[in-house]
Amino acid sequence: MKNTKLYLELQKRESVYLEQINQVYKYAEGMLPKINRIFANYTGHGIEHSINVMNDMYDLITDISQISDLEIACLIDAALLHDIGMAVREDEIASIKRHELNYHGRKYSVICQKYQNETITLQECVRPAHGERAFAHIKEMKKEFFVIPEYTNCNFQEELAKICQAHTMNREWLLENLDDSQVKGNDALNAQYIAMLLRVADYLDMDEKRAPIELYRFLAPVAEQWPAGIEQYRDVPEPDGYNGWV
């Protein structure tokens, strides 16, 4: 993380948010591996993915000098925590199986009848709500991670939690639940912009480690931009039901 351009920008500014970011990184470093408990066969959602998202967000920003220290801190924290809702505790798994915990009415027993597989069933119970779970998780984290320095009664915990939830919600939800012109302490905070950067950067992290190379064919990129060797997939038959959308 300390080699990312976002972090280096805060270092250059001697930002007061650096220590908090370091603490959030340590927290995420311990929590994100727990995603593999039930999502081991999914694309990577660990620290490496978070770093890639940070780098992509920086590249999407036109002028970093127009982004406040607080906004950069939110970008880094959001990259680290947006998938934290995919980390599931053992007691939560037990509650899901007993129907004491369900999201969007998705009952474990009903889904299990369809898939006949415990892991896939748990994935389908949790995955659709992992943005909402991220919101709840962040709201329960220590407030000192998100306090505005020198303003003990002012923090950005709620805004960051909503930014992370937004990466699984539609555009209307984002516009209704996030502000684009807040001021926290001495810093501006455009939470809508940060959420949009997170959503796009999260999608952009798609390399051979996170998606099969065949997927590039279905995205139909311009030939000159195709990775070396991908030409062999031009004539791969389209799968049943494929309609041109990914």
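The values are calculated or read from the model by the stated rules, or taken from the named source; none is laboratory data. Only a predicted model underlies this, so the values are computations on that prediction, with no experimental measurement involved. FYI the Cβ positions are ideal-geometry reconstructions off the backbone, even for glycines, and counts take in every protein chain you see.
Do we have Y25 as of a type in the set (F, W, Y) and either closer than 21 Å to T168 by Cα or modelled with pLDDT of 95 or more (or both) here? The answer is yes for Y25.
Taken residue by residue, region 93-104 has at least one member that is of a type in the set (A, V, I, L, M) and touching a residue at least 24 places away in the same chain (Cβ under 8 Å). Taken as a whole, the structure places L80 among residues that are surrounded by 15 or more Cβ atoms within 10 Å (Cβ to Cβ) and within 22 Å of the chain's Cα centre (by Cα). As for region 18-39, it holds no residue that is at negative phi and assigned to a loop (DSSP other than H, G, I, E, B). When each of F135, F156 is tested for being out of contact with any Phe, Trp or Tyr (no Cβ under 8 Å at 6 or more places or on another chain) and modelled with pLDDT of 95 or more, the lone residue that passes is F135. Across region 162-189, which residue is surrounded by the most Cβ atoms within 10 Å (Cβ to Cβ) among those that are within 17 Å of Y17 (Cβ to Cβ) and either more than 18 Å from the chain's Cα centre (by Cα) or of a type in the set (G, A, S) (or both)? Looking at the filtered set, the residue picked out is L189.
E144 satisfies every condition listed in (1) in contact with a Gly (Cβ under 7 Å, 6 or more places away or on another chain); (2) surrounded by fewer than 17 Cβ atoms within 10 Å (Cβ to Cβ) except (1).
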